Ligand SMILES: Nc1ncnc2c1ncn2[C@@H]1O[C@H](COP(=O)(O)OP(=O)(O)OP(=O)(O)O)[C@@H](O)[C@H]1O
Ligand SMILES: Nc1ncnc2c1ncn2[C@@H]1O[C@H](COP(=O)(O)OP(=O)(O)OP(=O)(O)O)[C@@H](O)[C@H]1O
Ligand SMILES: [Mg+2]
Ligand SMILES: [Mg+2]
C-alpha cells in the first residue's frame, strides 16, 4: 500500500519535472520564435554592415561597441570575480566573516541596475573624470556582474571532490598547483556557465550602460569614447517608437550574438579543459 | 512644484526667438575643429542625432556626441557646463530660468490624443478629454462609442509630454496656497515612453492616451479635438494648440563650433530635417 | 635550483595575495555601492520620517507626499510571485537537465536556457506588453497591465539563473551518494529529494537568491507591463508600481528631498532583499534540517 | 526456511563497458539461503558481476548487458521490470564505503524511511539493531548525531553494512565488506553473515581465501570476465577441477 | 645505505577532532630504511596518526594537533615549515583509493610533472616503471589513455601506489595498500615494499597480522588512540609484553 503511494508520488514528481521542462522549452521557444519572427525579416545586409550615417540606420557600429563593452567588462570582472571566489572558497578560513561577505554579495545582487548606473555616473564619469566612455561603462558593468560571477564560481569550485585535492597535495603539489591543475579544470565548465550568465547580463543591460558609457550612435575611437550598445539602442528606439521593426531586428541580432558568444565559450571550455587536464578526464 | 509646468507654448516660442538674437554671427571660414557634447532629452535625441549626422557630413573635422538622460539632465548639464548643448523637450521651469541659459528652439512637437484604430470615436471635445482623464467619463458609450470601459493611459511624471498635456488639457488645479493639484484619476495607468504608450493603446480596444505627433502610425488613431485634426499644419496655423518645444540650451558664451551647429539647426537645411518627423520651429 | 625554488615561492605567494586582493576589491566595490546608497538615502528617509516613508500610502512628490507602502507591497508581491514561478519551474527543469534528460535534449535545452539569459530586459518587457498583457486583458478583462503580468515576466526572466546554477549544483552531487541511495531501493525521486537535493542545497539556494535578486532589482521589463499606478493591489490583476519603477520614473528629474526619497527607496529595496535572503537561508536550512534531523556539522561536502 | 532452491538464475550474461567486455557468457545459479563467494584476481569482473544482479550497472552510461538474470523466474533486465523493487529486494554493500553526508543515525535510517517507516521509536530500534549487527554500535552509540563522514575507513565500511541490513533485503550483495576491518571486526561480520544466511541469500566478493572457505557454501572463481569454476566451496578449495583455479588458490598464479 | 637511524621522532603527539581525542600522547621513533607496521582495531587512530606525519590533517578544519613530529631534527608543525616540501618527501597512499579523473597515464605522471619533469620520454619511463612496480602495468599498458575512474577497485588502489612511487619520496605512508587486492597482487606489493625499503622509509597500516609479520621491521599496536606497544615485529608477535596486544594478535580481543 505504502509502496503504491510511493509509486504515485514518484510518478507525480516525474510529471512535474517533465511539465516544468516542457514549460521552459515552451516559453523559450515562444520568446525566441517571437523575436526571430519579428526581427529576422527586418535584418538586411545594409542594416548589419553600415554605421549610423547610412540610410539603413545600420547597426555595425553598435554591434562592435557591444562586443567591446563585453570584452572590457569581462577583462575586468572575470579575473576579479573568479579570484575573489577562489579566495573565499579555497583560502579564506570558512567562518562568520566569509559568510557575511557572501551574504552581502548576494544582497547586492538585488540592487536595481539604474542605481548601479547612477553610482557609475557619479563615481566613474564625474569623480574619476572618465566621462561617458566605454571604460566607465565597463567598470560599472563589472561591479554589476560581480555578484553573479563570484557566487556561481564559488559553487563551481565547491563541486570539486575533496579527495582530488587531497591526493594532489599529498603528492607534494603546492596549493596553487593543485588549484590550477585540479580544482580549476574540474570547475571550468561551471565557471564558464557563470561567465555566460554574466555576458547575458552585460548584453541585456541598458540603464547602467547609458548612464555611464553614454549612447553616442557611432563607433567609439577608443575606450575613452562614448558608444551605444545593442540593448541601449533597442531601449532608445523602442522608447521613441518610430520604428519597431528596427527594434525587433536589433533584438534578433542581439540574440544571435549571444548565441555565438555562448557557443564560443563552450568551445573555449572544451579546449581549455583539454589543455589543463593533460589528457582526457 | 516638481511637476514640470509648461508656459503657454506661444510664449516659449517667442522666448526662444529672443535667445536666438543673442547669438553672435560667425564667419564661414573652415577653421572649425573639435567635439560638441549634447546631453539631455531622449525625445529630442533622435532629432539631434539626425541633425548631428548631417552637420558632421558637412564638417568632417567636427565630432558631435549626442547623449540621452532626460530633459532635466539636459538642463542641469547645460547649467554645470558638463556639455556644450543641453536639450529639453519642455520649457524651462521657473527655478531653471535664472541660471543664465540661452534657449534655442530646434523644433516643435505636437501632442496627439490617440485611441485604438477600431474605436468608432474619432472626435472628442477638449472638455470630454478632460473628463475622461479625470475619471468622470469611464465608458466609451458616453462619448458616442461602443459600450466599453475606457482605459486611461498617462505618461510618467518626468515626461515633458505629460507636462504639456496636463497644462493644455487643464488637468491641474491651483490651490489657495499656490501649490497645484493633479486632477487625473488615480486609476490611470502610466507608460514611460511614447513607444510604450503607443503599444499599450494599439493592443487594447478601450484605451486612450496621448503621444508625440511624430510617432503616429496606423497602429493607433489620433482623434481630433473639437473638430481640429492633429496635424503639423494646424499647429503652425495656430488652431491646434497641443504642442511643446524641443529646446537646445547653452550656457554663457558658446564656442565657435557649437555656434556653428546651432546655426545649422536653425538653417533651412536643419529645419528641413526637423520637419520630417516634427514641426519646423520657423 | 635553489633560486628557481625561491622564485616559485615568491610567485606563489604573489598569486595568493592576488586572490586576497581581488576578494578585497570585489567586496570593496560592492560595499562602496552599498554605502553610496545608504548615504544618499538614509538622510532623506529620516527627514521624511521613517514611519511616514515606509507606511505612507500616498506618493506625490509635487505635494510633498513620500509614502512608499504601495510600492513595497507591489515589489514584495511581484518578487515572491516570480520566485514561486522561477523556483517551481526552474528547479525541476534543472533536475531534468542534470539527472533525467537524454543527451540530445540537454544539448538543445541548455544553450537555449543560456540564450534566454542574454535577452535584454527591454525585450522581455516588450514581449510582455505585446503578447502577455493583451492575453491577460482578453482573458480576465481589465487593462492587462498588472501584478500578474509582472510576476510572469519576472518569473521567466529569472529562469536562466535558477536553472543554470541549480543544474550545476545537482550535477556536482557525488555519484557515490546517488549509488548508495539507489542501492538501498530508493526510487530516483526519493534519491533526488533526500540525497541530491540536500547535497546540492547550497548551490540551489544561491541560484534562488541570485534569481530573486534579479527579480527584485529588475526595472526595464517591469515598467512596461506593470501599469505603474501607485496603489495597493486589491487583486493580482490590478496595476501596481514597484520600488524600482518608482526610482526609474523619477530619478531623471528629481532633486533635493525628492531625490533623497528615491535613494531611500533604494535603501528599502536593499533591506528587502537582505530580509528575503536571510529568510530564504533560514527556511531552507530548517526544512532540510527537520526532515533529516540535525545533520550535525555536515556541510554539503 | 532452509530449503536451497535456486533463487537467482543467470543465463549467458555478458557485460560490456564500451568496447571492452567485462563479463563473458556467465551462466550460474545462486541458491537461496546460502552464501556464495566470488573470488578472483583484481579486475576480473567480480564487482561488475555483483552490480549486474541489482542493475547498478544501469548507472554507467557506457555499460551494456546481454543475457538473463532470472529472479523468481522473472528476468530483471526485462523491459518494465521494477528496478526500485529489485534494489530493495537485492541490497548492496559497495566496495568503496560510500556513506551519505548525513549523521550516522540518518545514514542507517535512510533505507527504512525511504520505504515508509516514520515511527520514531521503530526507527530507533532499527538503527540500533542494524548497527549492533554490523558490530559498530559500541563505537558510535554516543555520537549517532555526528556526521558519518568523520568515521574511520573501517567504521564507514561497517556503517554501510548496517545501512543495508536496515532495509532487510532478501538478497545481500557484499563487495569486500571486510577489506578495511581488523581481524576481530572481520570475525564479527563473518558471524553476522552466518546469522543472516538463515533468512537471506548472500553473495560476497572477497580476496581472502580463508574467509571464502570459512563462510561460503559455494564459490565462483572469476578470471578475465569468465567463471572458470563454480562449485561447493569445500570441493573448489580441496579439489579444484581447473588448473587455473588451483594455481590461484594456492597462490602460484600470475 | 642500510643504516637505521631515527628518521622521524614523534614526541607527545595529540590529535583532536573537535572535542574527541583521536591520538593520545604518542611518542615513538620511526627508523630510516625500515618498514614500520601500524596495527589495531578499526577506529583506533592509525589513519589519523599516518596523516599527522605529512600534515594531511591540516585539511580537516576541526582537527587540532599538539606535540612534535621531528623530521631531520626539525618539527614539521613549526610555523613556516615548508609543507609542500614535506609532502613531496613524505608520500601517502590513502585508505580509500582516490585517483584523479584523468587518464591512467596522467594520474601517474601528475607527481613528476608537479616537480618539474617535462620531458616526454622521461615521463613515459617513470610512468612505466611506477606502474610495473605497483604490479599494474600488464593490466593497463594498452589503455593508458583511458580514464582512471573506469578501473576496478583493486586497480585503483595499485594506481594510487604507482602515483606515489613516481614522485620518489623518501618516506612512504601506506594506509592499507592491499585491502582491495587479491593474494597474488598483495604478494607483489609486499615484494615491492621489501624492495623499496632499501631506499625508502615505509610506514604501513594493515589489518592483516600475517602481512605485518611478513614485511615489517617494527610494529606499533594502537588502541583507542594510544600506542600500547611498539617493538621489533618479531618480538611483538612472539612475545607481546602487554596483555592487550597479546589478546589482539591472537584474535581474542573484544
Ligand atoms: N574527520 C574526522 N572528524 C571527526 N572524527 C574523525 C575524523 N576522522 C577520524 N575521526 C575519528 O577518529 C578516530 C580515529 O580514526 P582513524 O581514521 O584514525 O581510525 P583508523 O585506525 O584508521 O580506523 P580504520 O582501521 O577503521 O581505518 C575514529 O573514532 C574516527 O571516527
Ligand atoms: N565504469 C567502467 N568503465 C570502464 N571499464 C570498467 C568500468 N568498471 C570496471 N571496468 C573494467 O572492467 C573490468 C572488471 O572490473 P571490476 O570492477 O568488475 O573488477 P573486480 O573483479 O571487481 O576487481 P577488484 O577486485 O580490483 O575490485 C576491469 O578491467 C575494469 O577496468
Ligand atoms: Mg571490485
Ligand atoms: Mg583508517
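The values are calculated or read from the model by the stated rules, or taken from the named source; none is laboratory data. Since we're looking at a predicted model, the values are computed, not measured. Positions of Cβ are backbone-derived with ideal geometry, glycine not excepted, and every protein chain shown enters the neighbour counts.
Within segment E:125-149, the set of residues being within 14 Å of chain D (Cβ to nearest Cβ), surrounded by fewer than 17 Cβ atoms within 10 Å (Cβ to Cβ) and over 12 Å from residue E:185 (Cβ atoms) comprises E:132, E:141, E:142, E:143, E:145, E:149. On inspection, residue B:157 qualifies as crowded, with 19+ Cβ neighbours inside 10 Å, under 17 Å from the mean Cα position of the chain (by Cα) and part of a loop (DSSP other than H, G, I, E, B). Look at (1) over 13 Å from residue D:108 (Cα atoms); (2) touching a residue at least 24 places away in the same chain (Cβ under 8 Å); (3) away from ligand 4 (no atom under 13 Å from the Cβ); (4) at the interface with another protein chain (Cβ under 9 Å from one of its Cβ atoms) and you find that residue D:170 fails only one, number (4).
Taking segment C:182-193 as the range and being facing another protein chain (nearest Cβ under 7 Å) and assigned to a helix (DSSP H, G or I) as the test, the residues that pass are C:182, C:183, C:189, C:190.
Listed here are the residues, each with its yes/no results for (1) out of contact with any helix residue (DSSP H, G or I) (no Cβ under 9 Å at 6 or more places or on another chain); (2) on the phi > 0 side of the Ramachandran plot; (3) within 16 Å of ligand 2 (Cβ to nearest atom).
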position: E:12; (1), (2), (3): yes, yes, no
position: E:15; (1), (2), (3): no, no, no
position: E:23; (1), (2), (3): no, no, no
position: E:31; (1), (2), (3): yes, no, no
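If you take the residues of segment D:30-58 that are within 17 Å of residue D:236 (Cβ to Cβ) and either within 14 Å of chain E (Cβ to nearest Cβ) or out of contact with any strand residue (DSSP E or B) (no Cβ under 8 Å at 6 or more places or on another chain) (or both), which of them is farthest from ligand 3 (Cβ to nearest atom)? Result: D:37. Any idea which residue in segment D:207-254 is farthest from the other protein chains (Cβ to nearest Cβ), counting only those that are under 16 Å from the mean Cα position of the chain (by Cα) and farther than 23 Å from residue E:207 by Cβ? Among them, the one singled out is D:217. Taking residue D:204 as the residue in question, decide whether it is closer than 18 Å to residue D:111 by Cβ, touching a residue at least 40 places away in the same chain (Cβ under 8 Å) and more than 9 Å from every other protein chain (Cβ to nearest Cβ). So residue D:204 does not fit the description; no.
Condition check ((1) within 19 Å of the chain's Cα centre (by Cα); (2) at pLDDT 85 or above; (3) in a strand (DSSP E or B); (4) within 14 Å of chain A (Cβ to nearest Cβ)) across all residues:
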site	(1), (2), (3), (4)
B:173	no, no, yes, no
B:177	no, no, no, no
B:181	no, no, yes, no
B:185	no, yes, no, no
B:196	yes, yes, no, yes
B:201	no, yes, no, yes
B:205	no, yes, no, no
B:211	yes, yes, yes, yes
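The residues of segment E:42-70 that are within 12 Å of ligand 1 (Cβ to nearest atom), surrounded by fewer than 21 Cβ atoms within 10 Å (Cβ to Cβ) and not in a helix (DSSP H, G or I), listed by number, are E:60, E:61, E:62, E:63, E:64. Among the conditions (1) more than 13 Å from every other protein chain (Cβ to nearest Cβ); (2) farther than 23 Å from residue B:130 by Cα; (3) in contact with a helix residue (DSSP H, G or I) (Cβ under 8 Å, 6 or more places away or on another chain), residue B:241 misses just one, which is (2).
Of all residues in segment C:93-112, those satisfying the criterion of being facing chain A (nearest Cβ under 7 Å) and crowded, with 24+ Cβ neighbours inside 10 Å are C:93, C:95, C:96. Filtering D:26, D:30, D:8 for residues that are away from ligand 1 (no atom under 16 Å from the Cβ), touching a residue at least 40 places away in the same chain (Cβ under 8 Å), surrounded by fewer than 21 Cβ atoms within 10 Å (Cβ to Cβ) and not in a helix (DSSP H, G or I) leaves a single hit, D:8. Residues that are surrounded by 23 or more Cβ atoms within 10 Å (Cβ to Cβ) and at the interface with chain E (Cβ under 8 Å from one of its Cβ atoms) number at least 3 in the following helices (runs of 4 or more DSSP H) confined to segment A:146-214: A:162-170. Given the criteria part of a helix (DSSP H, G or I), on the phi < 0 side of the Ramachandran plot, within 11 Å of another protein chain (Cβ to nearest Cβ) and crowded, with 19+ Cβ neighbours inside 10 Å, does residue C:72 qualify? Spelling it out, it is not the case that residue C:72 is part of a helix (DSSP H, G or I), on the phi < 0 side of the Ramachandran plot, within 11 Å of another protein chain (Cβ to nearest Cβ) and crowded, with 19+ Cβ neighbours inside 10 Å. Does residue E:101 count as modelled with pLDDT under 90 and in contact with a strand residue (DSSP E or B) (Cβ under 7 Å, 6 or more places away or on another chain)? Here the answer is yes, as residue E:101 does meet what is asked.
Quick check, is residue D:77 in contact (Cβ under 8 Å) with a residue 12 or more places away in the chain and either within 16 Å of ligand 1 (Cβ to nearest atom) or within 13 Å of another protein chain (Cβ to nearest Cβ) (or both)? Answer is no for this residue.
Across segment E:95-124, which residue is nearest to ligand 4 (Cβ to nearest atom) among those that are more than 10 Å from chain A (Cβ to nearest Cβ) and under 25 Å from residue E:179 (Cβ atoms)?
First, pick out the residues of segment E:95-124 that are more than 10 Å from chain A (Cβ to nearest Cβ): E:95, E:108, E:116-124.
Still in the list and also under 25 Å from residue E:179 (Cβ atoms): E:95, E:108.
Numbers: E:95: 5, E:108: 24 Å.
Among them, the one singled out is E:95.
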